[in-house]
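Step one of this worksheet: look at the structure below.
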Amino acid sequence: MQKLVYYAQGWSLAIFNRSLFEQDFQSGSQGPTLPELFESYEIDLSPISKEVEELLMDVRNMYYRDALEEWALSDGPWQKARGELPLETDSNNIITKESMHQYYTNKLRSILRQTK
């Protein structure tokens, strides 16, 4: 769930230029984490649009849990927030929405160029 919500946030920032929620992800040892979601599953995801909902389902269907974790660990914003920390070291460094927006916007542009 953590990684799917992370990707929904990243793609929402890139595609719609808006955040789905105010909370920031942290650079946990197993990928991006949202403490509020981990602790209570009480984050308000009601503003998620139909397009982002469909994107979440597509991502979930395309990738298994291990693949999502591997993908998350190679994610630019997560790596940037962790810096030189060893993989096994947990971290609460913030993954900024700005770094997510820039990274996913660049990814989107790359995808769009490939489809031309």
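Quick grid of which residues meet (1) under 14 Å from the mean Cα position of the chain (by Cα); (2) modelled with pLDDT of 80 or more; (3) not in a helix (DSSP H, G or I):
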| site | (1), (2), (3) |
| --- | --- |
| LYS3 | yes, yes, no |
| GLY10 | yes, yes, no |
| GLU22 | yes, yes, yes |
| GLN26 | yes, yes, yes |
| GLU39 | no, no, no |
| GLU42 | no, no, yes |
| LEU56 | yes, no, no |
| ASP66 | no, no, no |
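Residue count for the range 81-100 under the criterion of being in contact with an Asp or Glu (Cβ under 8 Å, 6 or more places away or on another chain) and loosely packed, with under 10 Cβ neighbours inside 10 Å: the result is 0.
Being at pLDDT below 90 and surrounded by 19 or more Cβ atoms within 10 Å (Cβ to Cβ) is a description that applies to ASP75.
The values are calculated or read from the model by the stated rules, or taken from the named source; none is laboratory data. Owing to the predicted nature of the structure, the values given are computational and were not obtained by experimental measurement. Glycine gets a Cβ as well: all are built from the backbone with ideal geometry, and neighbour counts include every protein chain shown.
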